[in-house]
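*Asks:* Submitted below is the structure of interest, expressed as structure tokens.
The values are calculated or read from the model by the stated rules, or taken from the named source; none is laboratory data. No experiment lies behind these values; they were computed from the predicted model shown. All Cβ positions, glycine included, derive from the backbone under ideal geometry; neighbour counts span all protein chains shown.
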């Protein structure tokens with residue numbers, strides 16, 4: 001018996017939508033992609049599944065435009081509660097990954113966090129067809145998952161951007177940091193983040209830290225350096241007490 005497929009309407013044109021469309025199509029689903037919130041095509045009323053993959057602030061608007069359909073309506077946002085959807089059959093399909101349109105990604109390895117009070121079996125079935133890692137999680141816990149992802153991914157990448165600009169000012173290519181970045185990521189596959197932490201803030205080497213702060217020209221970067229260093233050292237002291 002083959003894999004059951006569903007008529008799916010995908011609303012969105014961004015990074016998440018493009019990867020979901022590719023994965024769903026590969027799984028054999030009939031996917032009608034309608035673009036984003038400014039789409040011109042009417043929304044079919046007879047689909048089995050409606051996926052809203054737009055910016056968080058537009059989810060309610062798109063959900064209202066879909067109307068009271070019989071199919072399951074889900075959004076893909078990490079920090080937006082399921083209750084924002086007015087439909088009777090509703091849910092959330094949240095992929096925990098950083099997406100960039102045009103950059104290949106193995107969706108089978110992307111964790112999907114799902115929630116539904118309308119048709120959880122259908123959502124679980126579809127999610128399992130595109131990912132090997134599917135977990136049920138309610139809106140309350142998922143908002144903390146998304147917050148953690150912002151620290152883990154978005155803030156970390158911004159540190160790369162600060163590093164890139166700092167090195168460029170002194171004619172040093174960012175590529176010299178790649179082995180360090182790779183090993184930092186690899187370590188937490190075997191060690192806890194606390195065990196993997198190194199640097200002057202862990203040792204609280206004030207002489208080195210003060211010298212580095214003085215190298216920074218922007219006041220906001222000086223403050224950022226100090227805040228993060230204090231946080232690292234505080235975490236070390238707290239870990240020793242636990």
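*Asks:* Check the range 176-186 and report whether any residue there is within 15 Å of the chain's Cα centre (by Cα) and either within 21 Å of residue 222 (Cα to Cα) or in a helix (DSSP H, G or I) (or both).
*Replies:* No.
*Asks:* What pairs come up if the first residue lies in the range 173-200 and is in contact (Cβ under 8 Å) with a residue 40 or more places away in the chain, the second is assigned to a helix (DSSP H, G or I) and surrounded by 11 or more Cβ atoms within 10 Å (Cβ to Cβ), and their beta carbons are under 8 Å apart, counting only those six or more places apart or on different chains?
*Replies:* Qualifying pairs under 8 Å: 194/235; 194/236; 194/239.
*Asks:* Of the numbered conditions (1) at pLDDT 95 or above; (2) surrounded by 11 or more Cβ atoms within 10 Å (Cβ to Cβ); (3) under 26 Å from residue 96 (Cβ atoms), residue 225 fails exactly one; give the number of that condition.
*Replies:* Status for residue 225: all satisfied but (3).
*Asks:* When only residues in the range 37-47 that are in contact (Cβ under 8 Å) with a residue 12 or more places away in the chain and either within 26 Å of the chain's Cα centre (by Cα) or in a helix (DSSP H, G or I) (or both) count, which is nearest to residue 59 (Cα to Cα)?
*Replies:* The extreme case among them is 37.
*Asks:* Restricting attention to the range 57-76, and to residues there that are out of contact with any helix residue (DSSP H, G or I) (no Cβ under 9 Å at 6 or more places or on another chain) and part of a helix (DSSP H, G or I), which single residue is surrounded by the most Cβ atoms within 10 Å (Cβ to Cβ)?
*Replies:* 62
*Asks:* Only one of (1) in contact with a helix residue (DSSP H, G or I) (Cβ under 9 Å, 6 or more places away or on another chain); (2) in a loop (DSSP other than H, G, I, E, B); (3) without any contact (Cβ under 8 Å) to a residue 60 or more places away in the chain; (4) surrounded by 15 or more Cβ atoms within 10 Å (Cβ to Cβ) is not met by residue 79, so which one is it?
*Replies:* The one condition residue 79 does not meet is (3).
*Asks:* Take the residues in the range 7-36 that are assigned to a loop (DSSP other than H, G, I, E, B), touching a residue at least 24 places away in the same chain (Cβ under 8 Å) and closer than 19 Å to residue 94 by Cα; name whichever of them is farthest from the chain's Cα centre (by Cα).
*Replies:* Filtering the range 7-36 for residues that are assigned to a loop (DSSP other than H, G, I, E, B), touching a residue at least 24 places away in the same chain (Cβ under 8 Å) and closer than 19 Å to residue 94 by Cα, the one farthest from the chain's Cα centre (by Cα) comes out as 29.
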